[in-house]
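Enquirer: Just dropping this structure here.
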Amino acid sequence: MNIDKVIKERRSIRHFKKKDVSWEKINEIVESIIYAPCAGEIQNWRPIVLRNKGQLNDICFNQSAVINCNFLVVVCSDNSDLKAHYKDRWDIFAIQNTSAAVQNMLLKAASMKIGSCWIGVYDEEKIRISLEIPDEIDIHSIIAFGYPDEKPDMPLRASLGNIINYDRFGNKKKDVFPLKK
């Protein structure tokens, strides 16, 4: 599958088939993390992979994607090296690094016909306790994965001409990208 097709066709999937994703495919998806760009080559991501046995359902407020998925990846960040290297901006770089890693997993899964959903609402303290995550490790995101049991339509997207700026904020260069209505 070509990258343009994967980017344009990937959707957040909240309903999954009752079909196991093999450990081989799970490892391929998670391995894509290590190829993500990262500030100062500091690979702060620390994923936790777990088969969905219901242990995160109530912690994630019983969201359908969490309940129905085959496996989850909790993306954590070990910030110690970032703090040492980037005194003032380590926190931004930590989030940027793990976000790039998550995007790699989302695209890799989509290229394998495996659906995913980036979970944004969860009880961080309960997850920390449940998964025995040390206090010095941050939890950045949870991703639900499985074989899709739905095919959502393309959500409304902005036109590039309506969001892009040239040389400075507010400079739209209408002759390059005519505004669409």
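Enquirer: Going through 33, 59, 26 one at a time, which residue ends up being assigned to a loop (DSSP other than H, G, I, E, B) and surrounded by 15 or more Cβ atoms within 10 Å (Cβ to Cβ)? Reasoning before the result, please.
Expert: Numbers: 33 fails: assigned to a loop (DSSP other than H, G, I, E, B); 26 fails: assigned to a loop (DSSP other than H, G, I, E, B).
The unique qualifying residue is 59.
Enquirer: So how many residues does region 18-31 have that are more than 12 Å from residue 145 (Cβ to Cβ), of a type outside the set (Asp, Glu) and touching a helix residue (DSSP H, G or I) at 6+ places or on another chain (Cβ under 9 Å)?
Expert: 1
Enquirer: Another question, then. Taking the stated definitions as given, is residue 94 of a type outside the set (S, T, N, Q) and in contact with a helix residue (DSSP H, G or I) (Cβ under 7 Å, 6 or more places away or on another chain)?
Expert: Details: of a type outside the set (S, T, N, Q): yes; in contact with a helix residue (DSSP H, G or I) (Cβ under 7 Å, 6 or more places away or on another chain): yes.
Here the answer is yes, as residue 94 does meet what is asked.
Enquirer: I need the full set of residues from region 92-113 which are more than 12 Å from the chain's Cα centre (by Cα) and farther than 19 Å from residue 148 by Cβ, in order please.
Expert: Within region 92-113, 92, 93, 94 qualify.
Enquirer: Considering only residues that are crowded, with 17+ Cβ neighbours inside 10 Å, modelled with pLDDT of 95 or more and assigned to a loop (DSSP other than H, G, I, E, B), which ones fall in region 108-151?
Expert: 114, 133, 147
Enquirer: Tell me yes or no: at least one residue of region 82-93 is touching a residue at least 40 places away in the same chain (Cβ under 8 Å) and of a type in the set (Val, Ile, Thr).
Expert: No, region 82-93 contains no residue that is touching a residue at least 40 places away in the same chain (Cβ under 8 Å) and of a type in the set (Val, Ile, Thr).
Enquirer: Of the residues 154, 105, only one is touching a helix residue (DSSP H, G or I) at 6+ places or on another chain (Cβ under 9 Å) and either free of Cβ contacts under 8 Å to residues at least 60 places away in the same chain or part of a loop (DSSP other than H, G, I, E, B) (or both); which?
Expert: Details: 105 fails: either free of Cβ contacts under 8 Å to residues at least 60 places away in the same chain or part of a loop (DSSP other than H, G, I, E, B) (or both).
From the options 154, 105, the qualifying one is 154.
Enquirer: Same structure, new question: Within region 1-8, is there a residue that is within 16 Å of residue 143 (Cβ to Cβ) and of a type outside the set (Val, Ile, Thr)?
Expert: No, region 1-8 has no match at all.
The values are calculated or read from the model by the stated rules, or taken from the named source; none is laboratory data. Note that the structure is predicted; figures quoted are calculated from it, not measured. No Cβ is skipped: glycine too gets one built from the backbone with ideal geometry, and neighbour counts run over all protein chains shown.
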